[in-house]
Amino acid sequence: MATPQNTPYISFPGNAGEAFAYYRDTFGGELEVMTYDEFPDLSGFPFAPPPGAVAHGVLTGGLLTLAGGDSIASPGQELPPLGSDVYSFLIGLDSVEEAKALIEKVTSTGGRLAMPFELAPWGDHYGQVTDPFGVLFAIVVAGAHG
């Protein structure tokens with residue numbers, strides 16, 4: 001039996017190329033991006049993607065594995081923003097220093113602190129940061145449990 005795989009996928013509102021470059025720079029890893037411009041023939045597609053639109057991107061090998069692409073709006077349709085407090089990506093780090101450095105990197109590049117990073121009642125250090133694209137990241141460093 002194959003091991004199940006799970007990779008989060010985000011449909012970006014037209015800024016997937018910018019977001020994936022940001023995530024590579026912030027979280028590390030290898031980035032592969034294919035734009036619709038690279039497709040040989042789009043004559044059968046039910047929509048006309050804008051120039052440079054990302055058909056598929058994947059980031060692997062860093063702190064985060066993520067796939068996604070640009071949503072393509074129908075004429076007159078507005079794409080929803082990514083911001084939400086009902087989902088987040090949980091990133092576990094080995095040290096408080098690493099976590100603080102990651103939070104500083106996100107907040108110094110257009111993100112914002114959503115919840116201060118501090119010792120939580122359950123014994124872990126925990127906080128939340130929202131990136132410049134509206135995606136919420138929960139940052140955790142395990143405490144000494146047991």
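No value in this document is a laboratory result; all are computed from the given coordinates. These numbers come from a predicted model, not from an experiment. With ideal geometry, Cβ positions are generated from the backbone for all residues, glycine too; neighbour counts draw on all protein chains shown.
Observations, loosely collected:
- Extreme residue, surrounded by the fewest Cβ atoms within 10 Å (Cβ to Cβ), among residues of segment 58-68 that are part of a strand (DSSP E or B) and within 11 Å of the chain's Cα centre (by Cα): ALA67
- Only one of the listed residues (ALA101, ALA55, ALA21) is more than 22 Å from GLY127 (Cβ to Cβ), part of a helix (DSSP H, G or I), without any contact (Cβ under 8 Å) to a residue 24 or more places away in the chain and of a type in the set (A, V, I, L, M, F, W, C). That residue is ALA21.
- Whichever residue in segment 74-102 is among the hydroxyl-bearing types (Ser, Thr, Tyr) and exposed (fewer than 14 other Cβ atoms within 10 Å of the Cβ) and, among such residues, is nearest to VAL140 (Cα to Cα): SER95
- SER71 being in contact (Cβ under 8 Å) with a residue 60 or more places away in the chain, surrounded by 14 or more Cβ atoms within 10 Å (Cβ to Cβ) and of a type in the set (Gly, Ala, Ser): yes
- Any strands (runs of 3 or more DSSP E) falling wholly within segment 106-146 and containing at least 3 residues that are crowded, with 19+ Cβ neighbours inside 10 Å: 125-130, 136-141
- The set of residues in segment 1-18 being touching a strand residue (DSSP E or B) at 6+ places or on another chain (Cβ under 8 Å) and not in a strand (DSSP E or B) consists of THR7, PRO8, PRO13, GLY14, ASN15, ALA16, GLY17.
- In segment 85-97 there is at least one residue that is among the β-branched types (Val, Ile, Thr), under 22 Å from the mean Cα position of the chain (by Cα) and under 16 Å from PRO8 (Cβ atoms).
- Filter result (under 27 Å from ALA101 (Cα atoms) and without any contact (Cβ under 8 Å) to a residue 12 or more places away in the chain) within segment 26-52: none
- Segment 55-106 - residue that is hydroxyl-bearing (Ser, Thr, Tyr) and out of contact with any Leu (no Cβ under 6 Å at 6 or more places or on another chain) and, of those, nearest to ASP41 (Cα to Cα): SER74
- Residue in segment 16-39 that is over 30 Å from ALA144 (Cβ atoms), surrounded by 11 or more Cβ atoms within 10 Å (Cβ to Cβ) and among the basic types (Lys, Arg) present: yes
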